[in-house]
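The values are calculated or read from the model by the stated rules, or taken from the named source; none is laboratory data. Predicted, not measured: the structure shown is a model, and the values here were computed from it. As a convention, Cβ positions derive from the backbone with ideal geometry for all residues, glycine included, and neighbour counts pool all protein chains shown. In case anyone asks, the SASA skips ligands and DNA or RNA and just uses the protein heavy atoms, side chains included. Shrake-Rupley method; radii C 1.70, N 1.55, O 1.52, S 1.80 Å.
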Amino acid sequence: MTTLIAIAGILIAAALQERMPTLWWLGSVRLEFLPALIVYVSLTMHRGRALALALVAGMAQDALSAAPFGISALAYGIAAVLITGLREVLDRDLPWVQLGSGALTSVGAALMAFFVVGISFGALFKMCVVGFLTGTLTVMLFFALDYSRMVWGNA
Amino acid sequence: MVSWVIFLGQPTAFSGKLRMVFVQLGTPFVKLGDYFPFVQSRRSLAKRNQELTHENDILRQQIQTLGETGRENLRLQQLLGLKEHTSFHTVAARVIGRDASNWWKSIQIDRGSEDGVRTNMAVLNTDGLIGKTLAVTRGEARVLLLTDPNCKVSALLQDTREPGVASGVEAAFSFSPRCLMTYVNRDAKVKAGEGVITSGLGVFPKGIFIGVVSRAQLNKQTGMYQDIEIKPAVDFRRVEEVLVVVE
């Protein structure tokens with residue numbers, strides 16, 4: 001049941017990511033919700049389930065994008081494996097851990113994309129902006145989801 | 001890692017079907033966005049109204065001028081015995097989504113294979129070229145935008161008639177999207193403001209307006225040809241309806 005809810009959440013987040021207008025005043029940057037979700041499931045669920053959800057999230061993003069199919073799934077899969085492996089070291093309740101994990105997951109996906117689209121100073125700067133925004137979103141998502149779980153209980 | 005990218009990234013039957021499954025799963029959620037339209041302020045609507053009124057005046061003047069030019073063109077064609085210019089057969093589509101990633105530039109439209117849309121079909125609107133169809137399902141299609149580095153268009157400069165290849169500039173930090181036309185003859189006298197159209201080679205029919213030249217410079221690496229910066233005619237942020245050239 002939890003996995004089905006998580007998959008539905010991932011599909012909604014992917015659709016929201018696609019539908020939201022870009023922040024043109026910030027260089028046409030798009031807010032990314034999926035890396036934040038992946039960090040959340042990686043720091044909350046078992047490794048196998050977190051990895052499966054990360055792959056679903058990556059494929060959902062690639063299906064709603066012009067990206068080569070599977071490239072984001074690979075990036076998010078690696079992020080899920082790394083984060084679940086470091087769970088003993090990372091304190092999931094610390095905001096800077098959440099911010100850093102979200103930012104690094106977003107940066108990892110961007111670096112994977114650079115294999116295809118190429119790299120430039122502009123792209124690197126955009127990667128930093130997107131990373132910071134995703135990190136901030138991750139902190140907000142942790143607060144919202146942890147609060148929801150506290151109120152409604154663990155489904 | 002590399003084998004994964006090669007395996008899933010290539011247009012194989014398996015990766016294609018898997019992609020279609022995820023598109024079909026995600027599209028209902030994308031369409032849900034129609035029920036939450038973004039509310040615009042009265043001030044921005046008034047400004048937009050003023051812009052459109054001004055644009056309407058200019059277009060009326062252009063229609064009168066072009067009408068006369070068209071009649072003259074017809075007379076000359078008849079005189080020369082040229083084949084009558086046929087217009088494109090198009091299918092109108094609505095934009096239902098953008099690209100979910102920051103690193104690629106595409107849009108999703110609400111027409112698919114059921115409406116005659118196939119991959120590699122030109123997509124345009126009244127302003128000019130938008131891109132080409134990339135992945136098509138029964139009811140939806142994804143359009144690769146002209147501003148994406150992977151979208152290559154065989155282009156022609158309107159005044160000098162010099163050919164070249166137009167494509168999007170890398171997914172960099174930008175306030176306005178740009179395109180670059182490469183492999184243009186180094187001796188060509190290119191001026192800012194000159195129009196750029198499709199040449200008719202490849203998937204795009206001839207004569208679709210791409211944009212105007214904003215800057216021309218010799219290629220820094222080889223010095224063998226010119227690189228021309230193009231300001232696209234289409235405002236990609238505001239594209240809501242498009243036409244797919246199906247024939």
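Would you grab the residues whose amide H sits under 5 Å from the one on B:Leu134? Only those 5+ places off in sequence or on another chain, please, with H modelled 1.01 Å from N.
B:Asn120, B:Arg142, B:Val143, B:Leu144
Once both labels are modelled 7 Å past Cα along the beta-carbon direction, what's the B:Val246-B:Arg48 spacing in nm?
Placing both labels 7 Å along Cα→Cβ, they lie 2.9 nm apart.
Give me the lysines in straight-line cross-link reach of B:Lys47: C-alpha distance below 27 Å, same-chain residues under 8 apart excluded.
Qualifying lysines at Cα under 27 Å: B:Lys231.
Per residue, how much accessible surface does the protein assembly as shown expose to a 1.4 Å probe? Answer in Å², no decimals.
Accessible surface, normalised per residue, equals 54 Å².
If amide H atoms are built 1.01 Å from N in the plane of the peptide, which residues on other chains or at least 5 residues away come under 5 Å of the amide H of A:Leu64?
Sorted by chain and number, the residues that satisfy this come to none at all.
Taking both sides together, what accessible area is buried at the A/B interface, probe 1.4 Å, expressed in Å² and rounded to the nearest 100?
On the way: alone 8900 and 16850 Å², together 21640 Å².
Approximately 4100 Å², summed over both chains.
Among residues other than A:Phe33 whose Cβ falls under 12 Å from its Cβ, what is the net charge (Lys/Arg +1, Asp/Glu -1)? Please report the intermediate quantities before stating the final value.
Values: positive: A:Arg19, A:Arg30; negative: A:Glu18, A:Glu32.
Neighbour charge sum, excluding A:Phe33 itself: 0.
With label points built 7 Å along Cα→Cβ from the Cα atoms of B:Ala13 and B:Arg138, find their separation and express it in nm.
2.0 nm
Computed FRET efficiency, Cβ-Cβ of B:Glu55 and A:Met20, R0 22 Å: what is it to the nearest 0.05? The partial results should precede the final answer.
Details: r = 27 Å, r/R0 = 1.25.
In this case the efficiency is close to 0.20.
Give the relative contact order (percent, whole number) for chain A; include only Cα pairs under 8 Å separated by 6+ residues. Let's see the in-between values first.
Numbers: 196 pairs, mean separation 40.4, N = 155.
Over chain A, the number comes to 26 percent.
Can you tell me the FRET efficiency between A:Val151 and A:Glu88 if r is taken as the Cβ-Cβ distance and R0 is 30 Å, rounded to the nearest 0.05?
0.60
Above 24 angstrom, tally the Cα pairs of chain A and express them as a % of all pairs, no decimals. Spell out each step's value before the answer.
On the way: 3205 of 11935 pairs.
Counting pairs separated by more than 24 Å, the tail of P(r) holds 27 percent.
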